[in-house]
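Notes for the one structure printed next.
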Amino acid sequence: MRISVGGDHAGFPLKEKVVSVIRSLGHEVVDYGCFDETPIDFPDITRTVCESVLEGKADRAFLVCGTGVGACIAANKIPGIRASVCHDIYSSHQCVEHDDVNVMCVGAQIIGPVIVEELIKSFLEATFSTKEEFRRRVQKLHEMEVEYSKKLLANQK
């Protein structure tokens, strides 16, 4: 798979480990930064990384910020992105299996390099379930995106 990676300055200390682990698992990495601890706003990196998934330049993405929460909120504002904060093994694979998550977010101030390695492996090995109940629910998420996007557009006129 091709995996896009990005993070803000708070995620920078863990991001290189993320890139290294993904490559060691045999996946291609597209690293969108940041590349040092110079402050950068997480919505900017999140937008770039998520656009790569929507444009088909990446199969999935991995975002690293201080807690993972900010990047997750920003990612979920983008239609077509389903992001989850994952700091445990179960949620790192279950989010893909049940919710077809395409962006995992983690917090560099929450977890360390050993745990992130296990999370990445679990996330990338997971596949979306073929069970109708999960497919139906993800379809409803898509319908909600469309419905609320239309309402926002109508309110702007």
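Counted by Cβ distance under 14 Å from D44, the other residues give a net charge of -1, where Lys and Arg count +1 and Asp and Glu count -1. Under the criterion of Cα pairs below 8 Å and six or more residues apart, the relative contact order for the range 40-126 equals 31 percent. Checking every one of the trypsin sites (Lys or Arg not before Pro) in the range 27-94 against DSSP loop status and a limit of 16 other Cβ atoms within 10 Å picks out K57, K77.
Taking a Cβ cut-off of under 15 Å around K131, the surrounding Lys, Arg, Asp and Glu residues balance to a net charge of -1, with basic ones at +1 and acidic ones at -1.
Across the cross-link table entries K15/K121; K77/K140; K57/K140; K77/K151; K17/K121; K57/K77, which are compared at the Cα atoms, the separations over 21 Å belong to K57/K140.
Of interest is the spacing of the C-alpha centroids, which for the range 19-78 and the range 82-106 amounts to 14 Å.
Sequence-ordered 3J(HN,Hα) estimates for the range 122-135 from the Karplus curve with 6.51, -1.76 and 1.60 and θ = phi - 60° stand at 4, 5, 6, 7, 6, 10, 5, 4, 8, 5, 4, 4, 6, 4 Hz, glycine and proline given as x. Which entry is the computed Cα extents along the principal axes in Å for this structure: [x] 42, 38, 27; [y] 62, 34, 27; [z] 45, 39, 36? Label of the calculated value: [x]. For the range 55-66, backbone phi angles converted through the Karplus equation (6.51, -1.76, 1.60; θ = phi - 60°) give residue-by-residue couplings of 7, x, 7, 9, 7, 8, 9, 9, 10, 10, 10, x Hz, Gly and Pro being listed as x. Solvent-accessible area assigned to carbon and sulfur over the range 21-92 amounts to 53 percent, based on a 1.4 Å probe. A Förster distance of 30 Å, applied to the separation of the beta-carbon atoms of E55 and E143, puts the FRET efficiency at 0.85. Remark: spin-label model distance K150-I89 equals 4.4 nm, labels positioned 7 Å along the Cα→Cβ axis. Cβ-Cβ distance of E132 and K157, R₀ of 30 Å, FRET efficiency by 1/(1 + (r/R0)^6): the value works out to about 0.20. The chymotrypsin sites (Phe, Trp or Tyr not before Pro) of the range 14-119 that meet both conditions, a loop assignment by DSSP and at most 15 other Cβ atoms within 10 Å of the site Cβ, are F35.
Rolling a 1.4 Å probe over the heavy atoms of the protein chains gives the range 7-93 an accessible area of 47 Å² per residue. Highest mean packing comes first when the peptides 150-156, 50-56, 2-8 are listed by Cβ atoms within 10 Å, giving 2-8, 50-56, 150-156. Each stretch of four or more DSSP H residues adds -39500 (n - 2.57); spread over every residue of the chain, this sum gives -17000 deg cm²/dmol at 222 nm.
The values are calculated or read from the model by the stated rules, or taken from the named source; none is laboratory data. What you see is a predicted model, and the numbers here were worked out from it, not measured in a lab. Here the Cβ is made from the backbone with ideal geometry for all residues, glycine too, and neighbour counts use every protein chain on show. Note: accessible area is taken over every heavy atom of the protein model, side chains too, but ligands, DNA and RNA are not part of it. Shrake-Rupley method; radii C 1.70, N 1.55, O 1.52, S 1.80 Å.
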